[in-house]
Amino acid sequence: MQRLRRLVDPDLIAMKQRHIAQLSDDLKQLDKAIAEQLEGQPGWKNIGTLKGVGPILISTLACELPELGSLGSKAIASLAGLAPMNRESGTWQGQRRISGGRAVVREALYMAALTAIRYEPGLRAFYAGLKAKGKASKVALVAVMRKMLVILNARKRDAEVALGCP
């Protein structure tokens, strides 16, 4: 869109607008194909009931974190890069930070967590409790992201068990 504003030739503007429209149509088709693929997969419908979890997060988790539902809460958090890592040597203790993991999953969970702390009562209370304890906003938000991932992991696991899937 920024390049489109710089163009002055009407023919080039029309060409760019057609290109943008084509790319938008392609994205809609991809989103539709991903949604159709997920409809046939057991366990993915249940996880969308948490506020903040929409088609983008579900698609991202399905593509980038296929282990969801088959690992424990600590392992899935570590795989997504949401587990706090210790930094210590001898008697020196540094701050614990998240590191590693799958950045695409973290980015999608970040946006979902922003919505969840506004509209999901349990996660809003969890976030407010962390803030009341003096935690920084980003630290509390990462904790909400981790809690969301653990909840989604448990929901997918329980749905697969109920359906009798491996």
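Coordinate-derived values only; no laboratory data. Remember, it's a predicted structure, so these values are computed and weren't measured experimentally. No Cβ is skipped: glycine too gets one built from the backbone with ideal geometry, and neighbour counts run over all protein chains shown.
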Legend entry - Links that overshoot a 32 Å alpha carbon limit, given the list Lys45/Lys135; Lys51/Lys131; Lys16/Lys138; Lys45/Lys138: Lys45/Lys135; Lys16/Lys138
Inset, instruction - Show that you can apply the helix-only estimate: for the chain, add -39,500 (n - 2.57) for every DSSP H stretch of four or more residues, divide by all residues, and state [θ] at 222 nm to the nearest 500. - result: -21500 deg cm²/dmol
Legend entry - Using θ = phi - 60° and Karplus 6.51 cos²θ - 1.76 cosθ + 1.60, couplings along segment 148-155 (whole Hz; Gly, Pro as x): 4, 5, 5, 4, 5, 4, 5, 5
Inset, instruction - Provide the gained length on full extension for the span Ala128 to Asp31, in nm with one decimal, where the gain is 0.36 nm per separating residue minus the Cα-Cα distance. - result: 31.5 nm
Inset, instruction - Give me the angle, in degrees from 0 to 90, between the Cα long axis of helix 121-132 and the longest principal axis of the Cα atoms of the chain, rounded to the nearest 10. - result: 60
Inset, instruction - Quickly rank 149-155, 18-24 as a protection proxy: mean count of other C-beta atoms within 10 Å, highest first. - result: 149-155, 18-24
Legend entry - Dipole of segment 1-40, positive direction: furthest Cα of Val8, Ala35, Ser24, with charges on the beta-carbon: Val8
Inset, instruction - Taking amide H positions as placed in the peptide plane 1.01 Å from N, state which residues far from Met85 in sequence (5 or more) or on other chains have amide H under 5 Å from it. - result: Arg97, Ile98, Ser99
Legend entry - In degrees, nearest ten, helix 10-39 long axis to first principal axis of the chain (Cα): 40
Inset, instruction - Report, to the nearest 10°, how far helix 103-119 tilts away from the longest principal axis of the Cα atoms in the chain, using its own Cα long axis and a range of 0 to 90°. - result: 80
